[in-house]
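Here's the structure, in structure tokens; my notes come after.
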Amino acid sequence: MHISVYGAGSWGTALAIVLARQGRPVTLWARQAQYAHLMQSQRENHARLPGFPLPEAVSVIADFEAAAQADWHIIATPMSALRETARRLSGYQPQRVLWLCKGLEADSESLPHQVLQQVLPGVTCGALSGPSFAQEAAQGLPFALVCASENVAFARHAAETLHGGNMRVYSSGDVVGVEIAGAVKNVMAIATGIADGLKLGMNARAALITRGLAEMTRLGLALGARAETFMGLAGVGDLLLTCTGDLSRNRRVGLALARGEVLTDITAQLGAVAEGVKSAPSIDQLARRTGVEMPITRAVCAVLFERLPAQEALQQLLSRQVRSE
């Protein structure tokens with residue numbers, strides 16, 4: 001069984017390493033030929049995941065047609081490149097497609113599975129999500145993911161197929177819940193980073209994460225998700241990791257915003273995509289359209305794009321009317 005991973009960022013590279021250690025041949029596709037050649041010759045992703053050698057079973061290429069001959073296809077690009085990657089893949093009649101992308105498509109406010117339904121109609125697909133930092137996965141430390149699909153049998157099959165080594169995989173039939181959780185938790189990580197940067201303390205952090213979970217759950221339920229999904233790996237698990245772990249890019253954005261840094265400078269210094277920045281406006285619009293109240297998300301958008309000082313955004317949240325939990 002051959003697996004192709006599309007996107008040679010940190011997480012795509014880490015997953016390729018994990019799967020190769022299970023004894024599977026893995027093709028890691030990189031968009032730029034020069035980048036692919038460098039990784040293949042140096043046997044390491046110095047730009048995105050330095051310090052972790054690529055196993056011999058990982059082949060890094062820029063030839064999309066060759067990558068598309070695999071049995072399983074895992075899209076590990078940023079959310080903004082999901083549609084394009086799936087469209088290219090559609091010409092090769094893929095049978096099993098998974099994605100790691102977290103967020104909403106900016107123009108359409110579509111979730112990943114909705115994009116795949118449009119581009120790859122009839123193809124069996126599923127989302128892979130859960131609390132997982134690329135560096136720890138590549139290091140060989142244990143972690144757990146959930147594979148979610150509207151086709152429950154496929155979700156179980158994918159979980160059984162990918163499970164092994166330091167990676168444990170569960171299955172779920174709630175793809176909407178898993179995807180909403182994956183999108184919203186990044187925005188909450190920015191909010192938590194702001195709070196920590198302002199040195200508001202652990203009490204405030206706990207309250208913010210808890211209310212963030214409530215926002216995430218409200219939006220998910222409005223879109224037909226199951227409440228229990230938000231108590232699982234893709235929900236509270238990924239939320240806790242992203243909000244508190246120093247490896248989180250979204251949390252680092254929040255910390256920098258609290259210091260008064262400009263967003264363009266922050267994203268340039270990161271050198272990688274912080275999906276919460278890109279997804280926040282779409283989530284805010286989706287919440288408004290569905291009538292779901294998400295004050296933390298609204299506050300993050302105001303700080304990111306409306307030049308509202310972080311301290312003022314905090315005061316607006318604290319001054320909200322008292323209500324039942």
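What follows is calculated from the coordinates using simple rules that are stated; it is not laboratory data. All figures in this text were calculated on a predicted structure; none of them were measured in a lab. For neighbour counting, all protein chains shown are included, and Cβ atoms are generated from backbone atoms with ideal geometry for every residue, glycine included.
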message: Need the list of aspartates and glutamates near K185 for cross-linking: C-alpha distance under 14 angstrom, and skip anything on the same chain fewer than eight residues off.
response: E215, D238, E275, D284
- prompt: Size of the dipole of segment 222-325 about the Cα centre, Lys and Arg at +1 and Asp and Glu at -1 on the beta carbon, nothing else charged, in debye to 20?
  reply: 160 debye
message: Using only DSSP helix segments of four residues or longer, with each worth -39500 (n - 2.57), what per-residue ellipticity at 222 nm results for the chain after dividing by its residue count and rounding to 500?
response: -15500 deg cm²/dmol
task: Starting from the Cα of T244, step 7 Å toward the Cβ, then list every residue of segment 136-154 with an amide N under 11 Å from that point.
output: none
task: Under 11 Å from the Cβ of L208, count the other residues' Cβ atoms, weight Lys and Arg +1, Asp and Glu -1, and hand me the total.
output: 0
query: So what's the gap between the Cα centers of segment 61-113 and segment 176-205, to the nearest angstrom?
result: 27 Å
query: If the chain between Q321 and N151 were fully stretched, how many nm would it gain, using 0.36 nm times the residue separation less the Cα-Cα distance?
result: 56.9 nm
field: Mean separation of Cα contacts under 8 Å (6+ apart) over length of the chain, as relative contact order %
entry: 14 percent
- request: First select every other residue whose beta carbon is under 9 angstrom from the beta carbon of D238; then total the charges, Lys and Arg +1, Asp and Glu -1.
  value: +2
message: How charged is the neighbourhood of R249? Take every other residue with its Cβ under 12 Å from the Cβ of R249, and add Lys/Arg as +1 and Asp/Glu as -1.
response: +3
- prompt: Going highest first, how would you order 116-125, 18-27, 231-240 by mean Cβ packing within 10 Å?
  reply: 231-240, 18-27, 116-125
statement: Rounded to the nearest 5, the percent of antiparallel DSSP beta bridges in segment 10-134 equals 10 percent
message: Defining a contact as two alpha carbons under 8 Å apart and six or more residues distant in sequence, what relative contact order in percent does segment 29-124 show?
response: 23 percent
